[in-house]
Amino acid sequence: MSEPVAAKVLVVEDNRTMLALMQYYLSKDFTVFLARSAEEALEVLQREQLHAVVSDQNLGDGLMGVDLLKRVAELQPHAARILVTASQKLEDAQKAINEARVNHFLTKPFTEQELKNTVGQAVHNAALLSIRDKMVQELKDQLGLGRGGAAKPAAGKPGVPGAPAATPRPKMAEPQKADAKGAASQSLIPESERLAFRDGLTSLYNHRYFQEALSAGLLSARRREQKLALVLIDIDGFRRFNLSRGYAEGDKLLRRVAQMVTDMMEDPVTHARSDNSSEIAARYDWDVFGVILCNADVERARTYAEKLRKAVEELDFPEGTGSDVGEVTVTAAVAVFPDQARNEQELISAAEKALRSSKSGGPNRVVLAPR
């Protein structure tokens, strides 16, 4: 699943001039609904499935923006919530986050670009959450857990995947017959949520989620006129490593390199660990990792890849021995939209081709896809 081409955004503002201005800025990229009061906003929420709600804090009808966004969280939890405010007080932000689960903030005065970037990022993140929920539900259906959480036999055949949900089981405090199968199905619920979009060995995102997230990321990048970088990272000689050291050690190495892949995803300015949920690392193939860097040009992507390459080269593995430093290396390929590709398939193809061609030049390198 990817973001809709015309994502629906509701703007709530009691100032006519500001409302018209925000509509003008956003209507180039989104289907925009307008409301001048919380009451009008709630009417829109009842009839439209929205991707984001942008609300001013002072609505002038006795209801604050935080209160409205709290209702949005209840009525349409998947819609991104953006609060527009002139306040810079920490306690105000904390209240908005805790009570209304606000995802993003816009501080007055803001520019056209700030507005478009904030809404674009919010819609993008909401799309990724929707992808995750869809994949979790699909896996629950396959496991026969249904939408009610508990497994339910279908037509006398227990455990049939895709069977409709059973009625909620009684509370634990109430007497009930011991049911080993029912208990096992309940224990599978949190596990299914993890397995739906996470790789079991490395805990990175799996290949399917990676593909879905890349589609959503490219659509968002195209809408916001930004670049997006794809980095593919291959562990050099991993097959030989498995044969010489054993598959158990190979699994340990995969987990260790996977952790390094995510550790290196940091902000290029502050050098703090990135919390951008739209930037993901995934297990792309058996010994290949994929990284999506949003709003990243070729230099940022190459810097990331080179830093990771050097860190792996200096890896002490097995940890604490120091005897095998330099034995493990990676080769990374970088491709950037729209520099080397116009769409998802072209971007993946450019990165994969660069990774394959790099093998002739030897391991332990960072290569760029040709323009």
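The values are calculated or read from the model by the stated rules, or taken from the named source; none is laboratory data. None of the values given here were measured: they were computed from a predicted structure. Quick reminder, even Gly has a Cβ in these numbers, built from the backbone with ideal geometry, and neighbours come from all protein chains shown. Heads up: the accessible areas ignore ligands, DNA and RNA and are worked out on the full protein's heavy atoms, side chains in. Shrake-Rupley method; radii C 1.70, N 1.55, O 1.52, S 1.80 Å.
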Percent breakdown of C-alpha pair distances by 10 Å bin, ordered from the shortest bin, for region 292-371: 19, 42, 26, 11, 2
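So how much slack lies between LEU129 and SER203, counting 0.36 nm per residue of separation and subtracting their Cα-Cα distance, in nm?
Working: separation 74, 0.36 × 74 = 26.64 nm, distance 1.75 nm.
This chain segment gains 24.9 nm when fully extended.
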Testing the spin-label approximation: label points 7 Å from Cα along Cα→Cβ at TYR247 and GLN137. State their distance in nm. 3.6 nm
Past 25 Å, Cα to Cα, is the threshold; run LYS8/LYS116; LYS140/LYS227; LYS134/LYS353 against it and keep the listed order. LYS140/LYS227; LYS134/LYS353
Using the Karplus equation 6.51 cos²θ - 1.76 cosθ + 1.60 (θ = phi - 60°), what ³J(HN,Hα) coupling, rounded to whole Hz, does each residue of region 240-247 give in order, writing x for Gly and Pro? 5, 4, 4, 5, 7, 10, x, 5
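Out of all DSSP beta bridges in region 37-123, what portion is antiparallel? Express it as a percent rounded to 5. Intermediate values should be presented prior to the final figure.
Values: 1 of 10 bridges.
So the antiparallel bridges amount to about 10 percent of the total.
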Accessible area of region 1-74 with a 1.4 Å probe: how many percent of it is carbon plus sulfur? 48 percent
Hey, what do the phi angles of region 344-356 turn into as Karplus ³J(HN,Hα) couplings, whole Hz, using 6.51/-1.76/1.60 and θ = phi - 60°, x for Gly and Pro? 4, 5, 5, 5, 4, 4, 5, 5, 5, 5, 5, 5, 5
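Could you order the peptides 21-28, 362-369 from most to least packed, using the average number of other C-beta atoms within 10 Å per residue? If you can, show how the numbers build up before the last one.
On the way: 21-28: 16.0, 362-369: 18.2.
Per-residue Cβ counts within 10 Å, averaged per peptide and sorted highest first, yield 362-369, 21-28.
How much length would be gained if the chain were fully extended between ASN98 and ASP297, taking 0.36 nm per residue of separation minus their Cα-Cα distance, in nm to one decimal?
The span from ASN98 to ASP297 would gain 68.2 nm if fully extended.
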